[in-house]
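Notes to accompany the following structure.
The values are calculated or read from the model by the stated rules, or taken from the named source; none is laboratory data. Here the structure is a predicted model, which means the values were calculated and not measured. Neighbour counts run over all protein chains shown; Cβ positions are idealised from the backbone, glycine included. Keep in mind that these areas ignore ligands, DNA and RNA; they rest on the heavy atoms of the full protein, side chains included. Shrake-Rupley method; radii C 1.70, N 1.55, O 1.52, S 1.80 Å.
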Amino acid sequence: MYRFFARAVATIAVLALLSACSGNSGSGDAADSNDATAKTEWRFALEEIEGSVQDTYAQEFKRRIEERSDGAIEIKIYPYGQIGTSSQLTEIAQRGGIELVFASPGHLADLIPEVGVFTLHFLLSEHDEVNREVLSDEKIRALFQPEYHDQDLELLDIIPEGWMIWSANKPLRTLDDLKDFRIRTMTSPILVASYKAYGASPTPMPYAEVYSGLQLGQLDGQVNPMFAIEEMSFYEEQDYLISARHAQFVSTLAANRDWFEALPEEQRELVNEVRDELIDWIDDKQIAYQQERLDKILAAGGTEYIELDDEERQAFRDASMSVRDIYIDQTGDTGREILDIISRRVEEADAGFEGR
Ligand code: 6CS
């Protein structure tokens, strides 16, 4: 299971190689060349391992792009563990060492504080259909594009990957249960503030270190969508999985900005076309994955699944509201506007959905 620990040894070498190769690949070589058989390689790095939501997305993205480019484009996928941590992947994409990357706000907010909005609790809808509609709206994407551009990135899509689930060795139903609870979070300052607001003791760290943190007793629990808890084996070290439906795990698909802007028009359109096609496709897949993985965990035995009721959730909702001021403090007027627009869009889409 921990292939990625072994592979970490190769990380430095791969990083060096990718940076050195920057400019020799992924920039429309085939189009520039007279050799009709020349291929352009696009490198696509993931924050998740093979079989994950991001891997499923990348495989289908690759299949559709390669097929429609008549062999002119080849996409090489690097699952988590082959290159580096989420933050390192973003850094390499900024430098042009890879062309495409998944960058989730849980880590990316260190660099682009505005995307931390997606790590705020009780912001998105309880309805998957509403979240899919709001997050894929190009007007919502446009709110973040200037910040991505400032960081040499192009934001291509915002993708929900399922409800965040707490894992622990005791049931977590109240704020009291979370008191001083050492919970691993991604590195976003908003996530740290969110768990502090619950009275917990948040411990930010990279994804690859979570399993050993649980195993060695450095952590009491962690939070991730069900598919990840299963494929990263976190459940093996935990007795309870708790769904508070407090937040979705959201990721963003990004590209190196210069590379994207320099793509021949038809290739840029192809990327946008496939991106649009995959909105519903990946959402249906991720929803199915959560249930399948939960079934798998429960079938293995030794883990109890708890869903908090509305009254229990309300206490967490109330405690989470102060974190919105922290987000606004960190992001100023831009963040305030982003937060207002997203809250309003979710409210309107919820009202429309419930009235259907
Ligand atoms: O917890 C994390 O750090 C990671 N979790 C998921 C589901 N995807 C990528 C992210 O880095």
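In nm, what is the difference between 0.36 nm times the number of residues separating residue 216 and residue 292 and their Cα-Cα distance?
Once the chain is fully extended between residue 216 and residue 292, it gains 24.5 nm.
Mean residue ellipticity at 222 nm from the helices of the chain, using -39,500 (n - 2.57) per DSSP H segment of n ≥ 4 over the full residue count, to the nearest 500 deg cm²/dmol?
-15500 deg cm²/dmol
Would you mind counting up the charge near residue 67? Only other residues with Cβ under 15 Å from its Cβ, with Lys and Arg at +1 and Asp and Glu at -1.
-2
With a sphere of radius 12 Å drawn around the Cβ of residue 269, what net charge do the other residues whose Cβ falls strictly inside it have (Lys, Arg +1; Asp, Glu -1)?
With Lys, Arg at +1 and Asp, Glu at -1, the net is -1.
Top mean-square fluctuation among 346, 101, 115, Gaussian network model of the chain, C-alpha springs under 10 Å?
346
Amide H to amide H, which residues 5 or more places from residue 43 or on other chains are under 5 Å from it, using H placed in the peptide plane?
For residue 43, whose amide H was placed from the backbone, the distant partners under 5 Å are 76, 99, 100.
Under the rule of at least 5 residues apart or a separate chain, name every residue whose amide H is placed under 5 Å from the amide H of residue 203.
Residues meeting the criterion, in which the H sits 1.01 Å from N, are 183, 184, 185.
For the chain, which whole percent of the accessible surface, found with a 1.4 angstrom probe, sits on carbon and sulfur atoms?
47
Once amide H atoms are placed 1.01 Å from N in the peptide plane, what residues at a sequence separation of 5 or more from residue 51, or on another chain, have their amide H within under 5 Å of its amide H?
For residue 51, whose amide H was placed from the backbone, the distant partners under 5 Å are 56.
Taking every DSSP beta bridge with both residues inside region 2-354, roughly what % is antiparallel (nearest 5)?
50
Which three numbers, in whole Å and largest first, are the semi-axes of the equivalent ellipsoid of the chain derived from its Cα gyration tensor as √(5λ)?
Each semi-axis is the square root of five times an eigenvalue, giving 34, 23, 19 Å.
Which one of 256, 203, 109 has its Cα pushed farthest toward the positive end of the charge dipole of the chain, where Lys and Arg give +1 and Asp and Glu give -1 at the Cβ?
So the residue furthest toward the plus end is 203.
Cβ neighbours within 10 Å, averaged per peptide: list 313-322, 55-64 in order, most packed at the top.
The packing order, highest mean first, is 55-64, 313-322.
Give a residue-ordered list of calculated ³J(HN,Hα) values for region 196-207 (Karplus: 6.51 cos²θ - 1.76 cosθ + 1.60, θ = phi - 60°; whole Hz; x for Gly, Pro).
5, 4, 8, x, 7, 10, x, 10, x, 6, x, 3
Roughly speaking, what is the stretch gain from residue 354 to residue 262, that is 0.36 nm per residue apart minus the C-alpha to C-alpha distance, in nm to one decimal?
28.8 nm
Report P(r) for region 147-266: all Cα-Cα distances, bin width 10 Å, range 0 to the bin holding the largest distance, values in whole percent.
Cα pair-distance distribution for region 147-266, in percent: 13, 39, 26, 15, 7, 1.
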